Structure formats: structure tokens, C-alpha cells
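S.K.: Mind having a look at this structure? Questions to follow.
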Amino acid sequence: MNDSELKLAALRADDVIFKYLPEENGYPATVISAMNYSVKTGGKRIRPIFMQETYKMFGGKGEVVEPFMAAIEMIHTYSLVHDDLEAMDNDEFRRGRKTTHVIYGEGMAILAGDGLLNLAFETALKAFDVKGADNAGVIKALKLLAEKSGLYGMLGGQACDVDAEQKKRAIDMDELMYIHKNKTGALIEAAMLIGAILAGAGDKELEKVDQIALLVSTAF
């Protein structure tokens, strides 16, 4: 894809993601506002784009991929909200806009991140409601999403990074690659594999996608 095609794909991804965001009303309106603000800060939407393109590449049709596109961006966004907190990187701006904790306060930003993580799985579960969805494929995709965003994926990589920084200890090349593979790469890998799974790719095809995803995530 060239730059203009990527921008168009990002806009299409936004259309998908935004329709799964909650309405800002009722008693929890403030935290919902913080969640929506965080997601709408923008970005390249690389993960949902990779997911949709891989889905199409393996002949996927229909809307079953869309809840997962939204879910993976919500997970990515929650990680950024928490990463920006004073206890972590203490960033005041992201993509030219004030970060969530600067606008809403640290406590509400923590809750917004928590809310996005929970909403991600609520959203991904909506794939079961899509007409013609392969339930076995959806279950497999859900397991992968949970694994790659958790202790043995993105969270684990982030934890190692924070641990090294807090203890001011040196890290060797193996740990550095572990951090990059998980903190950044795990969700990219998940995006591509989930797209292939939902399109009905077989085990050998998934192995090839996994190999390609590892190369792509290393580049990032």
C-alpha cells in the first residue's frame, strides 16, 4: 500500500471501530468520554488494517472480522493510555493531542484503560452474533487475542521493559528481543493470525502467516 491507500484504509478502519464505541451517557459518562477520546486520538490503525487485509487475502467475506478489528485497536489504545501515565512514561501529548490523563486526571485515565480492555472482549464476543460466523473460528480467534494481549504477550513485554527501567539494570539481546517481540509485536502477530483464522485458513497457512507476522513485527 502507498501512503494514500494507507490513509484510506485507516479511515475505513475508523468507521468500523467507532461504531462499537459506547454512547457517552448515564452515570459512567465521564469514563466513557475518556475511553472514546483515547480511541479517537487517531493513529495509523495498522493492527485492524493488517487483520482485515489478511482476512481478505484468505478469501474472507462478511463482517465477522469487524468486531475483532475494533477489539484489537481498543486493546492497543488501552496500553497507550496506561503507558502515558505519570507512573510510566509521563507523556503529556500523543499524536499532537493532550494525553488522556492530562485531560481527565490519572484516576479516570486508569479506569478508561481498564474500560477499553474489558470493552475489547465484549466487542470481540459480538462476532458470535454475525450471520454465518464460524463459531469454532471465533473461539480460536478469541483465545489468541487473549493470549497475545496478556502475560505471555503484550503485557509481559511491557512488564519486562518497566522492570528493567525501574531497577536501572542492563538487558541483554535476548531480553531486548523478547520485549520488542511481545510489547510491540504480539498484537501485530495477533492481528494477522486472527484475520487468517476468521477466513478459514488451515494450519499450514497459519504457520506461514505467523512467520510473516514475526518478520513484520520485528521491523516495527
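S.K.: Please report, in debye to the nearest 20, how large the charge dipole of the chain is about its Cα centre when each Lys and Arg carries +1 at its beta carbon and each Asp and Glu carries -1 there.
M.R.: Details: 25 positive and 33 negative charges, 93 e Å.
Using Cβ point charges on Lys, Arg, Asp and Glu, the chain gives about 440 debye.
S.K.: Across the range 46-85, what fraction of all alpha-carbon pairs, as a whole percent, falls in each successive 10 Å bin from zero upward?
M.R.: Reading the bins upward from 0: 29, 45, 19, 7, 0.
S.K.: Taking Cα pairs under 8 Å and at least six residues apart, what relative contact order does the chain come out at, in percent?
M.R.: 24 percent
S.K.: Within 13 Å, Cβ to Cβ, of G60, how many net charges do the neighbouring residues add up to if Lys/Arg are +1 and Asp/Glu are -1? Kindly include the intermediate steps, with their values, before the conclusion.
M.R.: On the way: positive: K56, K61; negative: E53, E63, E66, D134, E205.
Computed value for this residue: -3.
S.K.: Could you list the GluC sites (Glu not before Pro) in the range 1-67 that lie in coil according to DSSP, counting only those with at most 16 other Cβ atoms within 10 Å of their Cβ? Each step should come with its number before you reach the end.
M.R.: On the way: sites: E5, E23, E24, E53, E63; in loops: E23, E24, E63.
Of the GluC sites (Glu not before Pro), the ones in loops of the range 1-67 whose Cβ has at most 16 other Cβ atoms within 10 Å are E23, E24, E63.
S.K.: Let me ask you something else. Let me know the charge dipole size of the range 60-145 about its Cα centre in debye, to the nearest 20, where only the beta-carbon of Lys, Arg (+1) and Asp, Glu (-1) is charged. Write out the running numbers ahead of the final one.
M.R.: On the way: 9 positive and 14 negative charges, 89 e Å.
Magnitude of the dipole: close to 420 debye.
S.K.: If you find the alpha carbon centre of the range 78-107 and of the range 114-170, how far apart are they in angstrom?
M.R.: 20 Å
S.K.: For a distance above 25 Å, tell me the whole-number percent of Cα pairs in the range 48-160 that qualify. Let's see the in-between values first.
M.R.: Working: 1917 of 6328 pairs.
Summing the P(r) of the range 48-160 above 25 Å gives 30 percent of all pairs.
S.K.: List the lysines whose alpha-carbon lies under 16 Å from that of K98, not counting same-chain residues fewer than 8 positions away?
M.R.: Correct list for K98: K40.
S.K.: Please report the orientation-averaged projected area of the range 100-163, defined via the convex hull of its C-alpha atoms, in nm². Walk me through the numbers on the way to the answer.
M.R.: On the way: hull surface 22.4 nm².
Over all viewing directions, the range 100-163 projects a mean Cα-hull area of 5.6 nm².
S.K.: With Cβ to Cβ distances under 15 Å as the rule, what net charge do the other residues near G137 carry (K, R +1; D, E -1)?
M.R.: On the way: positive: K61, K126, K131, K140, K143; negative: E63, E66, D129, D134, D203, E205.
Neighbourhood net charge equals -1.
S.K.: Further, regarding this structure: Quick check on the range 96-220: what are the equivalent-ellipsoid semi-axes from the Cα gyration tensor, as sqrt(5λ), descending, whole Å? Let's see the in-between values first.
M.R.: Numbers: eigenvalues 163, 104, 25 Å².
Each semi-axis is the square root of five times an eigenvalue, giving 29, 23, 11 Å.
S.K.: May I ask you to rank Y104, Y55 by accessible area, largest first, using a 1.4 Å probe over the protein chains only? It would help to have the intermediate numbers written out before the result.
M.R.: Numbers: Y104 65, Y55 10 Å².
Solvent-accessible surface, decreasing: Y104, Y55.
S.K.: Another question, if that's okay. Which three extents, in whole angstrom, do the alpha-carbon atoms of the chain cover along their principal axes, largest first?
M.R.: Cα extents, longest axis first: 49, 44, 34 Å.
S.K.: Which of A9, G115, P67 sits closest to the plus end of the dipole of the range 1-148, meaning its Cα is farthest towards the positive end, when Lys and Arg get +1 and Asp and Glu get -1 on the C-beta?
M.R.: Going by the Cα projections, it comes out as A9.
The values are calculated or read from the model by the stated rules, or taken from the named source; none is laboratory data. Please read these numbers as outputs of a predicted model, since none were measured by experiment. Every residue, glycine among them, receives a Cβ derived from its backbone with ideal geometry; neighbour counts consider all protein chains shown. Heads up: the accessible areas ignore ligands, DNA and RNA and are worked out on the full protein's heavy atoms, side chains in. Shrake-Rupley method; radii C 1.70, N 1.55, O 1.52, S 1.80 Å.
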